[in-house]
Amino acid sequence: MYRNLMAILVSGALVTMLSACAASEDQTEAPAADADTAADADTAADADVLTTTLTPDSDRAAIVAHLLEAERKKINTEAMAVNFPDMDRQTAYDIQADILAEKLKTEERVGWKIGFSRMPEDPATLDPIYGHIMASNVFEPGVPVEASSFVPDSATVEGEFAFLIGEDLPGPDLTREQVGDAVTSVVGVIELLSTWTNGTEENPSTRDHDVTGNVFHVGIILGETRVPLSEMDFTKETATVVIDDEERASALATMNMGVDPLEALTWLANELTTYSDEYLRAGDVVITGTVFPPPRMGAGSKAVMNFTTLGTIEVELK
């Protein structure tokens, strides 16, 4: 699958992936009216609430079920911050790995994403984290994205750089040159985000809680322009976002890790093996994090992402 995905991406063909196909039902058999009515009522009642709850004693299976429901329903939950305020990084990635394992039962992982890789004013506070990208998170260019894909009033848009990986990269001691040699091309990308893990004033959400929420990931839209890494000059590459005809943010690619997106990719190639058995594989798509503070957009808005050499990408929320 990974190699097939790479072939599709490199060829520039349209990428449309769905997490699962709905099972067809036999329409000739009369349904049991009472049972279906009750089921419909339960579904409607549960649509805007989380039916799974957490306590400080909840085991990992309960945590995974809760976070998957919050992600699926796009409902913010404070339960992680409230019940597990001192969660450590390894535990957070273990939970994320269990969530990924559940998703892999119905769809495939196509890549990885990096968050918090934009260089802050104080470099000492740089603390990137990573999440996964599933087949259902790859959105088709030109097709509007439903506002229901986000927690209400939380949709944000990021300008990022994607690397297409051509060979396996088992860390943890990979050099920048080794990682660069495995890159087949660089692509502009829009990442869409929302958050379903939040905190309270007494128990604020931490970076580790963000790990369990898959670092806010909703989806990506890949650009059509593919450029070999050897032809990229990240010191001159800018991403600029225009929302509803108003420029909202712009920054150089060198904001990634304070160096460039390849630096972020090298970090991920080694970091994956620090907290898991995963590693970058041939066919993976890796997005390296926004280069500017991401602006929000709402239903009916249109965002246009312009890159210096990587073309233009558009997305509309409906």
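Bear in mind that the values in this text are calculations on the coordinates, not laboratory data. What you see is a predicted model, and the numbers here were worked out from it, not measured in a lab. With ideal geometry, Cβ positions are generated from the backbone for all residues, glycine too; neighbour counts draw on all protein chains shown.
Taking 17 Å as the straight-line reach from the Cα of K113, the lysines in range (excluding those fewer than 8 positions away in the same chain) are K103. Cross-link reach is defined here as a Cα-Cα straight distance under 15 Å, omitting same-chain residues fewer than 8 places apart; for K236 the aspartates and glutamates meeting it are E160, D260. Cβ crowding within 10 Å, taken as a proxy for footprinting-reagent exposure, orders Y279, Y130 from fewest neighbours to most as Y279, Y130.
Placing unit charges on the Cβ atoms only, positive for Lys and Arg and negative for Asp and Glu, gives the chain a dipole magnitude near 760 debye about its Cα centre. The charge dipole of segment 99-253, taken about its Cα centre with unit charges on the Cβ atoms of Lys, Arg (+1), Asp and Glu (-1) only, comes to about 340 debye. Full extension of the chain between E202 and F116 gives 28.6 nm of extra length, using 0.36 nm per residue less the Cα-Cα distance.
Listed peptides 247-253, 117-123 appear in the order 247-253, 117-123 once ranked by packing, highest mean of other Cβ atoms within 10 Å at the front. As a proxy for reagent exposure, ranking F216, F150 by other Cβ atoms within 10 Å from fewest up yields F216, F150.
If the chain linking A101 and T52 were pulled fully straight, counting 0.36 nm for each residue of separation and taking away their Cα-Cα distance, it would gain 15.7 nm.
Could you compute the net charge surrounding E160? Neighbours are other residues with a C-beta less than 11 Å from the C-beta of E160; K and R count +1, D and E count -1. Overall, the nearby charge balance is 0.
Helix-only arithmetic for the chain: the sum of -39500 (n - 2.57) across DSSP H runs with n ≥ 4, divided by the residue total, places the mean residue ellipticity at 222 nm at -8000 deg cm²/dmol. Multiplying the residue separation of T235 and E146 by 0.36 nm and removing their Cα-Cα distance gives an extension gain of 28.5 nm.
From the square roots a ≥ b ≥ c of the eigenvalues of the alpha-carbon gyration tensor of segment 138-277, which class results: rounded (a/c under 1.5), prolate (a/b over b/c), or oblate? Oblate, since a/c reaches 1.5 and b/c is not below a/b.
When the Cα positions of P141, Y93, L104 are compared along the charge dipole of segment 88-160, L104 comes out farthest toward the positive end, with charges on each C-beta of Lys, Arg, Asp and Glu.
In segment 263-278, whose amide N lies under 18 Å from the spot 7 Å out along Cα-to-Cβ of Q90? List them in ranges. Counting backbone N atoms under 18 Å from the label point, the list is 271-278.
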